[in-house]
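What follows draws every value from the coordinates through simple rules; no lab data is involved. Keep in mind the model is a prediction, meaning the values are calculated, not measured. In this analysis, Cβ positions are derived from the backbone assuming ideal geometry, glycine residues included, and neighbour counts consider all displayed protein chains.
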Amino acid sequence: MSYLHSLTARLAACMECLPADLRARHSRFFQAAQRADGGFAGREGESNLYYTSFALRGLAILGELHGAVAQRAGEFLRARLTSDEPLIDRMSLVFGAAQLDAAAGIDVLADAGPRWKASLAAELQALRCADGGFAKGPEGTAGSTYHTFLALLCLQLIDHPLTDPENVVRFTRAQRSADGGFLEIRVGKRAGTNPTAAAIGVLRMLDALEPADVASTAAFLGQMQNTEGGLLANSRIPVADLLSTFTGCLTLADLDHIDVLQVAAALSYARSLAHPDGGFLAGVWDEERDVEYSFYGVGTLALLNSIVA
């Protein structure tokens, strides 16, 4: 089972710990966010593949990715198979298609054919840098921890083997900072919660996680929790956010070290960002819900509730 499918199944199982009315409220938010073309948008503009993939992940873990919502989303993704989309958007298309296939049996990529997948795999491989990682774009000369994680996710889902995985492991280990976290790019000044989560994801996918990785990473992530209860993106940012809280908590749970956090405080933080009508804000400064942060929100609630239950 791919990393993405495994994560979705795990969060869906955790979701059973949440009250039915809470799940229904957030499900209605995601369903209401679907546009006439079947896709989902961010806070403004038209439907796009990035936000659609997050909305489908949210609906999948809530057990609501089926019926008319799924059919319309499938039509949206199929329409984008033949359009000229940037590489990062085609990766989002693959992530969304994987959710539809697993949850509703709608195989969007069957319409793409093997040449579409082969072309995508070739473009991804072209992002490999001399350091062993994947760059953020075609002009990049240095690997990005986060984009290496995304590339591996995508290659798994299109059943394309990774070439030279040992070099990817070496790249990922080279991204480790002295404080135990991981850098996004090698010339970065400080480690961050999200690149650290991505690095651990890469090492887990490549079966290269070692005991030393576990201890130092847990210590770093434990230091990222602030007085709000949530996790910081990095030590220079003064306020927590829901993305960092989700990825940090998930990584610590994966490492069996969630105990380095005040779990009740993290859960209270996530709950405080939930809108009464469903959906989540990104942080205390935010004023508008969107489907991306709402996925992080329901995922955090499900994960942490399953731990404290």
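Observations, loosely collected:
- Summarising the label geometry, the points placed 7 Å from Cα in the beta-carbon direction at ALA142 and ALA178 lie 1.8 nm from one another.
- Each peptide in 192-198, 210-216 receives the mean, over its residues, of other Cβ atoms within 10 Å, and ordering these scores from highest gives 192-198, 210-216.
- For the options LEU155, LEU22, LEU209, a Gaussian network treatment of the chain with springs between C-alpha atoms closer than 10 Å singles out LEU22 as fluctuating the most.
- Order of THR251, THR145 - criterion: other Cβ atoms within 10 Å of each residue's Cβ, fewest first: THR251, THR145
- Alpha-carbon Rg with Dmax, taken over region 71-183, Å: 15.4, 48
- When each of TYR50, TYR296 is scored by the number of other beta-carbon atoms lying within 10 Å, the sequence from fewest to most is TYR50, TYR296.
- What the Cα atoms of region 1-112 give is an Rg and a Dmax of 13.4, 42 Å.
- Of ALA151, ALA208, ALA122, the one that fluctuates the most in a GNM where the chain has Cα springs shorter than 10 Å: ALA122
- P(r) tail, the chain: Cα-Cα pairs separated by more than 27 Å, 42% of all pairs.
- Based on C-alpha pairs under 8 angstrom that are at least 6 apart in sequence, region 1-112 has a relative contact order of 27 percent.
- Listed peptides 130-143, 263-276 appear in the order 263-276, 130-143 once ranked by packing, highest mean of other Cβ atoms within 10 Å at the front.
- Theoretical ellipticity at 222 nm over the chain - DSSP helices of four or more residues, -39500 (n - 2.57) apiece, nearest 500: -17500 deg cm²/dmol
- Order of ARG90, ARG204 - criterion: other Cβ atoms within 10 Å of each residue's Cβ, fewest first: ARG204, ARG90
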